[in-house]
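Some notes on the structure that comes next.
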Amino acid sequence: MECFHCKGKMVKAHAPFSADRDGYHISWESVPAWVCTQCGEALFEENEVNKKQKALQQIDFETTALSSKRA
């Protein structure tokens, strides 16, 4: 696979991922991904993207529940 950014070689490895959401910041240190050996750009496969989205949706739900209890 070729990197979309620099055209370097992509290899299966792990990469960090973080997200800033309304009310919190979350980061995962090691998510399976295709990582460029030249520039370090990470490409996450659909399965990993779906898992991250599901986790963020659950955290969004819990964050909303916590915030509504303060009011």
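The values are calculated or read from the model by the stated rules, or taken from the named source; none is laboratory data. Keep in mind that what you see is a predicted model, and the values were worked out from it rather than measured. A quick note on method: Cβ atoms are made from the backbone with ideal geometry, for glycine too, and the neighbour counts reach across all protein chains shown. Just so you know, the surface numbers come from the protein's heavy atoms only, side chains and all, with ligands and any DNA or RNA stripped out. Shrake-Rupley method; radii C 1.70, N 1.55, O 1.52, S 1.80 Å.
Hey, could you check segment 56-71 for residues that are open to solvent by 40 Å² or more (accessible area, probe 1.4 Å) and of a type in the set (A, V, I, L, M) and say which is farthest from E2 (Cα to Cα)?
Out of the qualifying residues, it is A71.
Return the residues of segment 17-40 that are under 13 Å from the mean Cα position of the chain (by Cα) and in contact (Cβ under 8 Å) with a residue 24 or more places away in the chain; say none if nothing qualifies.
F17, A19, R21, I26, W28, W34
I'd like the full set of residues that are outside any helix (DSSP H, G or I) and among the charged types (D, E, K, R), limited to segment 23-66.
Start the filter on segment 23-66 by keeping residues that are outside any helix (DSSP H, G or I), which leaves 23-45.
The answer is E29, E41, E45.
What's the total number of residues in segment 1-55 that are in contact with a helix residue (DSSP H, G or I) (Cβ under 9 Å, 6 or more places away or on another chain) and open to solvent by less than 100 Å² (accessible area, probe 1.4 Å)?
Qualifying residue count, segment 1-55: 11.
Given the criteria charged (D, E, K, R) and touching a Gly at 6+ places or on another chain (Cβ under 8 Å), does E62 qualify?
So E62 does not fit the description; no.
Listed here are the residues, each with its yes/no results for (1) touching an Asp or Glu at 6+ places or on another chain (Cβ under 7 Å); (2) of a type in the set (S, T, N, Q).
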{"position": "Y24", "(1), (2)": "no, no"}
{"position": "V31", "(1), (2)": "yes, no"}
{"position": "N50", "(1), (2)": "no, yes"}
{"position": "A55", "(1), (2)": "no, no"}
{"position": "T64", "(1), (2)": "no, yes"}
